[in-house]
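Below is one structure, written out as structure tokens; the observations come after it.
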Amino acid sequence: MQLDLFADAPVFYFRALEALGRLEPAACRALIEEHSRRFPLGPDPGPALEAAGWLEEAVPGTGDALDVFGGRTLAACRALREGRAAGFRAMGGDAGLAAAAALAARALRRAQEAGVELSMPVGEGLPWGVLYLWTGAPEQAHAALEGLLSRHEPSAAAYLALGDVRQWLGRLDAALVAYREGYLEDSAGAGWPVESSAVKGARRRYGADPEWGPAWWAVGAYLERFFPPFGKPSVEEVRRRWERFRALLAGPRDDDGVRARLFASGLLLAENTEAALAAGCADLVLVRRTLQEVNPSAWARLRETLGSEGGRRF
């Protein structure tokens, strides 16, 4: 008779973990019961049962209103990814990651069926499309985060998430801009904890001691659309944007720093000259003269980007 060395292998336990990843807590419980009956000396089933209970409490029902469904899904995905989901934390492994991916995919399907724009806020200062982070589609998450930041009230969590996505995508200079914006509002990054070793070092470096390099980083940052589009801002919006630029460009008031602040003034003047002058954030002649002297080719590119109407102002 052939000896079956795997007859008592804890297959039911592993199937139970797979059921957790499919968001099937009832199936997980049944498989754990079979595991305990057949293989009582196998892996401790306690964490898996705790995880099944957590899913039953945390996962939104299909009958929930869309905004409630989205908000609860986001909270559950973040708890799973950030190691705060009971049971999953004790088990380790991939069960929590699989559950987060399944949750995010389900919510995205429902949002798309309802015709929801994925840059719309879903909760915690984040857009629906941030769920793409956990389905393996960072490009879609990037587009949704940029859309939210350009059309809705910005949040530290959204900027920090955008920095992480750009870091994963290899857009390092763009990540730096987003991190700096996020840390202006949330100096500890507590609203968007680091969950990936791929960005941990960058987050720590940018958060503790941002490195900006030459002050003319602002030229490339704007031309490459690392900042959300301005789009004919009002006087109030110009003033708000100017304060953010001043904070971003804060540092030693050497010649490079002055030039960078003048460039920020130029952006606002070019997009809405009357509002920028009314807000008192720039001197038109000084801005034009300095930019032409310091970096004429970059300024020519910016004028071209702004179009004929914006270019004529300068």
Using 0.36 nm per residue of separation minus the Cα-Cα distance, give me the extension gain between Gln112 and Ala278 in nm, one decimal. 55.5 nm
How far is it, in nm, from the label point at Ala198 to the one at Val235 when both lie 7 Å from their Cα along the line to the Cβ? 4.7
Points 7 angstrom from Cα along the Cβ direction at Glu124 and Ser150: gap in nanometres? 2.5
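FYI, it's all coordinate maths here, none of it is from the lab. Note that the structure is a prediction, hence the values are computed from the model and not measured. Backbone-built Cβ (ideal geometry, glycine too); neighbour counts: all protein chains shown.
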